[in-house]
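The values are calculated or read from the model by the stated rules, or taken from the named source; none is laboratory data. Since the structure is predicted, the reported quantities are computational estimates derived from the model, not experimental observations. Note that we place each Cβ from the backbone using ideal geometry, even for glycine, and neighbour counts take in every protein chain shown. Ligands, DNA and RNA are excluded from the accessible area calculation, which covers all protein heavy atoms including side chains. Shrake-Rupley method; radii C 1.70, N 1.55, O 1.52, S 1.80 Å.
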Amino acid sequence: MPEIKRGKLTVVAGPTAVGKGTVIAHILENHPEIHLSVSATTRSPRPGEIDGVNYFFLSHEQFDDLIARGEMLEYAVVHGQNKYGTPKQPVIEALERGELVLLEIDIQGARQVKKAMPEANLVFIAPPSWDELVRRLTTRGTEDEVEQARRLETAREELASQSEFDHVVINEKVADCAAQVLDLMQN
Ligand code: 5GP
């Protein structure tokens, strides 16, 4: 029997504004061969976001249709508002090509992936402290006060579920955090 090539799936989650996006961008800059899954979402694009690059921006009907057809590896309503999900096929294909695959999703989604694919490696990115998380969220200025409050509410719950993850990495300095996550992805 020929040996089946199999990649490795890593799921990165963590509270709002912890810097997941920056850490992942840092990893991909140095390792463009890593397959970052493009999620689908029902939220509207922010200025500068490109359909098919940052997300697949879908209507609620289109999103529900993908769920009904069994084409989502996982999905969740995030921050009590919009649906976000991981299209299954591109992930499976990348794993079959033997690639390192990275998902940046919320905690509900991470739980679903672990159930569907127990071999997935779950990495939680944590802030150095709660006050630092609040500071990062308020200073980035991409959300209004109502949205900030909603995201902090979710963040409290998310921080409480760290123990469900295989690894916790604190994002004190981006480069250090990225190096640790990369190491966990590769080994
Ligand atoms: P944002 O609206 O700021 O782009 O993302 C909000 C949250 O949605 C982030 O915390 C991110 O982790 C989560 N998210 C993004 N894509 C997915 C996905 O495919 N599945 C799940 N479950 N959550 C996602």
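Some observations on this one:
- Hits in the stretch 29-41 - residues which are surrounded by 15 or more Cβ atoms within 10 Å (Cβ to Cβ) and either touching an Asp or Glu at 6+ places or on another chain (Cβ under 6 Å) or not in a loop (DSSP other than H, G, I, E, B) (or both): 35, 36, 40, 41
- Test: residue in the stretch 132-140 that is closer than 18 Å to residue 11 by Cβ and open to solvent by less than 30 Å² (accessible area, probe 1.4 Å): no
- Scope the stretch 141-163; condition of a type in the set (D, E, K, R), open to solvent by less than 60 Å² (accessible area, probe 1.4 Å) and not in a helix (DSSP H, G or I); matching residues: 143
- Odd one out for residue 83 among (1) within 12 Å of the ligand (Cβ to nearest atom); (2) under 23 Å from residue 28 (Cβ atoms): (2)
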